[in-house]
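Nothing in this text is a laboratory measurement; each read-out follows from the coordinates by a stated rule. A quick note: this is a predicted structure, and the numbers were derived from the prediction, not measured. Every residue, glycine among them, receives a Cβ derived from its backbone with ideal geometry; neighbour counts consider all protein chains shown.
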Amino acid sequence: MLDRLRPRDGSRQTTKRVGRGPGSGLHKTAGRGEKGQGHRSPGRATPFHFEGGQMPLARRIPKRGFHNLFRTSYRTVNVSALSVYGAGETVDPTSLEAKGLIKHGKDAVKLLGDGDAPKGLVVRVHKASSGARKKIEAAGGTLEILG
């Protein structure tokens, strides 16, 4: 029965062979029409988001709020997540990435104060909340702010 296998009727369509003369079924203009914006050959003449001259959607919808161009974003880590480190170990952005506590990226790292701090860590991050600073120092560790 393998010799009788064939696709279902209507599931396969023959490809449109454009610009092959009147016998192709697309006639002399190759399906592009007589005149108008899309009748010439070099690819797509207008960008894909062009709306025929009407006001584009991105400009029609209302804009809300303030968008700060100079906003700095941080990769955050809670103090409770540092429990994977032993006493006296150094915590810095590269070791946090290696342990999977933060994603790889160029954003600065901020330490937040949720949870209990492990004993005696040397923490080097770009920014830290005041609660995180108190918890690290209360547990006998040191906190250094990277520049």
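Which number gives the lysine pairs in the stretch 10-124 that have C-alpha atoms under 30 Å apart and are eight or more places apart or on different chains?
Lysine pairs satisfying the spacing and distance rule in the stretch 10-124 number 8.
Given a Förster distance of 35 Å, report the FRET efficiency between ASP116 and LYS63 from their Cβ-Cβ distance, rounded to the nearest 0.05. The partial results should precede the final answer.
Numbers: r = 44 Å, r/R0 = 1.25.
With a Förster radius of 35 Å, E is 0.20.
Sorted by average packing, counted as other Cβ atoms within 10 angstrom per residue and highest first, what order do 14-21, 90-97, 139-146 take?
So the order, starting with the most tightly packed, is 90-97, 139-146, 14-21.
Can you tell me which of 119-125, 26-32 comes out highest on packing, and rank the rest after it, using the mean Cβ neighbours within 10 Å?
119-125, 26-32
Using the Cα centre as the reference, give the magnitude of the dipole from point charges on the C-beta atoms of the chain (Lys, Arg: +1; Asp, Glu: -1; all else neutral), rounded to the nearest 20 debye.
1280
Report, in deg cm²/dmol and to the nearest 500, the calculated mean residue ellipticity at 222 nm for the chain, where each DSSP H run with n ≥ 4 adds -39500 (n - 2.57) and the sum is divided by the residue count.
Helix contribution divided over all residues of the chain: -3000 deg cm²/dmol.
Cα-based Rg (one decimal) and Dmax (whole number) for the stretch 1-138, in Å?
Looking at the stretch 1-138, its Cα Rg and Dmax stand at 31.2, 87 Å.
Along the positive direction of the dipole of the stretch 22-147 (beta-carbon charges: Lys, Arg +1; Asp, Glu -1; about the Cα centre), which of ALA138, PRO56, SER41 reaches farthest?
Farthest towards the positive end: SER41.
Give the separation of the Cα centroids, the stretch 1-33 to the stretch 77-147, in Å.
64
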